[in-house]
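Every number here is computed from the coordinates shown, using simple stated rules; none is lab data. None of these values were measured; they are calculated from a predicted model. In this analysis, Cβ positions are derived from the backbone assuming ideal geometry, glycine residues included, and neighbour counts consider all displayed protein chains.
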Amino acid sequence: MAKVENKSKQNPKLQQTILKDGRASLYLEYYLGRSETPVLDEEGNQVYYTTGAMAGKPKYKIKHARKKENLNLYIWVHPRNQQERIQNRNTLALAEKTRFEREQQFLEDREGYKFKKDTNFNFFDYFQQKIDMSKRAYSYKSGMKVALRRFQAFLAETPRYSVYANYIRPDQLNPEMMSDYADYLMARGKGAGPQTIFMRFKRIINMALEEEILRKDPCKGVSIKADKLTLNKDILSPEEIEKLLNTHYPHENPVMQRAFILTLYTGIRFCDIKLLTYRNIDYVNKTMRFEQHKTRGLSNSNIVITPLSDAILAIIGYPSANTDLDSLIFDLPSYHTCLASLKKWVKRAGINKKISWHCGRHSFAVNLLRSGTNIKTVQTLMGHAKIEMTSRYLHVIDSDKVEAIDGLGPIGYTEKYSTKGYSAEDRKRMSENCKGGVRFRGKRNVSEDSDSEEIAV
């Protein structure tokens, strides 16, 4: 049986984990020291040993700190032939060489519980470098840039941190600063915006922790809570959509308008509609099939298939015989340019709402639910992996119910035969007589006129 040999004073030690397939995975285990915590009783007093050689001495709880590093090297637990034995020998030799190199580095450069890293650089440059190196969608990079700009604005606008407005080292980030940054975001944002920005910022912090640029997490214990089940964006009602479609003005952008109409009637995101080609449209079966760019590789509900009506197909347009099916349907400029055109269109329509492109997607879901569409159907059309994401639109529907009841107006009602003033015995006898079809003519303790009341709701 192949077994890793260790010497007691080696640090790190070469260890192995037995796998189900008959192999063992090799890893290094670093011993980083120990910490002692006094053992206290229920009243908070130090506990002492009462017997044995330690009698009279204080008790301490010992905690050993260790760290593991996977080597991605494997050996056969029970080698069956000469080839597997040679493979084990070569793998163990490589693992021991790696262990020795790590040991020298650990002894020479160790600082506290982390390896010493060069942190004498601008955290802003590190943040921007991670954004530039990311292969995620444009919307992801744009959101990360917002998080960077907000953090820079926070430092510049806060007197105690203004010295870091242009340059801050990673080791200068601390929990107090992160807590103030979270308060800054909540004071200047609403809805899920502050939480989203802070989560994007924490992604970069986690990267720095993984690369051991940061020794401790400055964001530990700092969080921003947001009600994810409540929709905080403005939506367009069917009447407002109709009003928008009938609004035209000189120098309007018809390509942008057609693209936004498609979002209103299919729920497609801007990042997906910008990449939409004629190959995504099945004109025979009247469907649109595309892969969501935002959740590519992250969700099982990544592919969305949406039925299309003749009216929507007319908005999309039909390709000619010479049209390349891989060509874009909508030749759109940047998101900010489209957003500026959209806001102008909404303003010209006389709609006093803050409408972004994503509001069109929200409007699609809410209007479907208002029309009685099943929530599971809406979830499929929206491409949501979990129904919880779709259920937040139900809160808008609930508010519509409240407005509908309130719209009934006041209720004018006057009690003519009030039971006030009757004794308990009289009311009981009146109830029994009414069950038998006999009108009660009992004696009242007060006059009928004094009991008239009008109820207005």
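Highest mean packing first, where packing is the average number of other Cβ atoms within 10 Å per residue, the peptides 21-30, 279-288, 265-274 line up as 265-274, 21-30, 279-288. Counting Cα-Cα pairs of region 13-115 in 5 Å increments starting at 0 gives whole-percent bin shares of 2, 10, 14, 14, 11, 9, 9, 9, 8, 7, 4, 2, 0, 0. Label zone of Y138 (point 7 Å out along Cα→Cβ, amide N under 17 Å): in region 262-292 this covers 263, 268-278, 291-292. Peptide packing for 335-345, 243-253 was compared via the average number of neighbouring C-beta atoms within 10 Å per residue; ordered from the highest value, the list is 335-345, 243-253. Please tell me which of these pairs span more than 18 angstrom C-alpha to C-alpha: K13/K68; K243/K274; K145/K202; K190/K225; K294/K376? Distance filter (> 18 Å) returns K243/K274; K294/K376. Measuring between their Cα centroids, region 114-187 and region 313-387 lie 33 Å from each other.
For region 272-384, the ratio of Cα radius of gyration to the globular rule of thumb 2.2 N^0.38 Å stands at 1.18. Projected over all directions and averaged, the alpha-carbon convex hull of region 123-210 occupies 5.7 nm².
Each of the peptides 356-364, 151-159 was scored by the mean count of other Cβ atoms within 10 Å over its residues; in descending order, highest first, they stand as 356-364, 151-159.
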